[in-house]
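The values are calculated or read from the model by the stated rules, or taken from the named source; none is laboratory data. Every value quoted in this text rests on a predicted model; they were computed, and no experiment measured them. Because the Cβ atoms are built from the backbone with ideal geometry, glycine has one as well, and the counts that use them run over all protein chains shown.
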Amino acid sequence: MFSLPTIMAGAWFINSVVILLVVCFFMFHSGIYILECISKYGAGTNYFFISKELLPRWACYIANMALIFVLYILIYAYISAAGSVIKEAAAIYGYNINLRLIFIIFTLILGASIWWSGVGASRLTSLFLFIKIILFILAFSGLFFIVKTDLLLTSPVEGGQTALLPFVFIIIPYAITSFGYHGNVCSLYKLYHENERKVVKSCVIGCVLALVLYFLWIMGTMGNLPRAEFLTIINKGGNLDAFIESLYAVLNSKNIATFLLWFSISAVFCSFLGVAIGLFDYILASLNFKDNPSGRMKSALLCFLPPLILCMLFPNGFLIAIAYAGMAACIWAIICPAVMALKVRERFPDSRFKVWGGKGLIYAVIAFGVVGIICQLLAQFNLLPIYR
């Protein structure tokens, strides 16, 4: 979410909204393909099982390695983001705290909550989610009153919206990460007692809510920050502290700026816990560690040490990490589910639950995943237009 306005600055508001709609469409359907596959094997089935059943062994390993990579790289991104916003908050109150020390303390405290109790960590996540919603309302109710529509709807360059089209491709990997709900599909199928209709409804509601939230977020930010101001943010590494500093400079209300800062902190805490709990449980189960203090400590060390070390070495990697997570998500969350849907229809031709669209939509989803990978690879080699 926090990377979107910065990475969308090149294409600007109208083009970015169109890309969000396209990405949301394909990400929704790729997630529902996972539902179609697990519905043939029953509740309790996980992603690893269906990939092992429906994909060649090499493809199964690639898919699951991509899944693990996404979880690790997102934890790294959230530690990096948390460090930047906490440092910014401390500076406002007159404290200068070492960034790497913040990384360590943040990881130790939230990591310890997950090690201590999965239920406790889930409740902590719910608490941060509640705080995030309250702060979102407080911050954005003020932001919307001062949105400048001419900033949003008028092209910031000669040639109109068409001149900004080359910048839309870099958005795709980041937007893909923003709609990554796929790891929850198996749990939802079990939660709703194998009722596919309820799972689909839940996924529709989730995707629409995310789409609305992102729309409000980029409208509130792009409607207050001129396009040129985003160059300053990008040149500072694109981390959250630089983004919030720029908003401080243009907002006349100290209260709105403060609410926005604390909203950012609560959102990062919530996102970190959500991803970290998933990776922690994955490691605990896949390596057969006992669910006791010793086994959970082993899982915690494997879960948190690698991204923490990466943060100590590369503290400002939030934007880059989100892009790589998007590229890996193209493999495990887009291409592989679509391929598995083809295989499961061959194996169960008379199945009662099938995603609409036939093979045409499946191939379109696969093509979209390939486009996402190509976009990130081109960006990596500086072959894609990037606003900077």
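Data overview
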| quantity | calculated |
| --- | --- |
| Flag if ILE104 is hydrophobic (A, V, I, L, M, F, W, C) and farther than 30 Å from VAL212 by Cα | yes |
| Residue that is farthest from LEU377 (Cα to Cα), among those in the stretch 158-187 that are among the β-branched types (Val, Ile, Thr) and surrounded by 16 or more Cβ atoms within 10 Å (Cβ to Cβ) | VAL185 |
| Qualifying residues in the stretch 86-115 (those that are surrounded by 12 or more Cβ atoms within 10 Å (Cβ to Cβ) and either basic (Lys, Arg) or outside any helix (DSSP H, G or I) (or both)) - the one modelled with the highest pLDDT | ARG100 |
| Which listed residue, of LYS132, LYS148, LYS198, LYS190, is more than 26 Å from the chain's Cα centre (by Cα) and surrounded by 14 or more Cβ atoms within 10 Å (Cβ to Cβ) | LYS148 |
| Criterion (crowded, with 20+ Cβ neighbours inside 10 Å, within 15 Å of ALA77 (Cα to Cα) and not hydroxyl-bearing (Ser, Thr, Tyr)) met by exactly one of LEU313, LEU279 | LEU279 |
| Odd one out for PHE348 among (1) over 22 Å from ARG57 (Cα atoms); (2) surrounded by 16 or more Cβ atoms within 10 Å (Cβ to Cβ); (3) in contact (Cβ under 8 Å) with a residue 40 or more places away in the chain | (1) |
| Within the stretch 116-233, helices (runs of 4 or more DSSP H) holding 1 or more residues that are farther than 22 Å from PRO5 by Cβ | 118-145, 185-191, 196-222 |
| In the stretch 201-244, the residues that are surrounded by fewer than 16 Cβ atoms within 10 Å (Cβ to Cβ) and more than 24 Å from LEU143 (Cβ to Cβ) | LYS201, VAL204, ILE205 |
| Residue check for SER286: of a type in the set (Ser, Thr, Tyr) and over 30 Å from ILE102 (Cβ atoms) | yes |
| Filtered residues of the stretch 51-79 (kept if touching a residue at least 40 places away in the same chain (Cβ under 8 Å) and more than 24 Å from ILE373 (Cα to Cα)) | ILE79 |
| Some residue of the stretch 352-360 being assigned to a helix (DSSP H, G or I) and surrounded by 15 or more Cβ atoms within 10 Å (Cβ to Cβ) | no |
| Conditions (1) at pLDDT below 90; (2) over 30 Å from TRP262 (Cβ atoms); (3) assigned to a helix (DSSP H, G or I): number failed by GLY44 | (3) |
| LEU342 farther than 30 Å from HIS29 by Cβ, assigned to a helix (DSSP H, G or I), out of contact with any strand residue (DSSP E or B) (no Cβ under 8 Å at 6 or more places or on another chain) and not β-branched (Val, Ile, Thr) | no |
| Residue check, ALA285 assigned to a helix (DSSP H, G or I), without any contact (Cβ under 8 Å) to a residue 40 or more places away in the chain and surrounded by fewer than 20 Cβ atoms within 10 Å (Cβ to Cβ) | yes |
| Within the stretch 10-30, tally of residues that are modelled with pLDDT under 95 and farther than 14 Å from PHE215 by Cα | 2 |
| From ALA341, ALA333, ALA367, residue being among the small types (Gly, Ala, Ser), surrounded by fewer than 17 Cβ atoms within 10 Å (Cβ to Cβ) and either closer than 22 Å to LYS201 by Cα or without any contact (Cβ under 8 Å) to a residue 60 or more places away in the chain (or both) | ALA367 |
| Given (1) at positive phi; (2) buried (at least 21 other Cβ atoms within 10 Å of the Cβ); (3) among the small types (Gly, Ala, Ser), number of the condition GLY326 does not satisfy | (1) |
| Filtered residues of the stretch 176-235 (kept if under 30 Å from ARG352 (Cα atoms), hydroxyl-bearing (Ser, Thr, Tyr) and in contact (Cβ under 8 Å) with a residue 12 or more places away in the chain) | TYR181, TYR189, SER202 |
| Scan of the stretch 178-221 for residues that are closer than 17 Å to TYR47 by Cβ and hydroxyl-bearing (Ser, Thr, Tyr), ordered by number | TYR181, SER187, TYR189 |
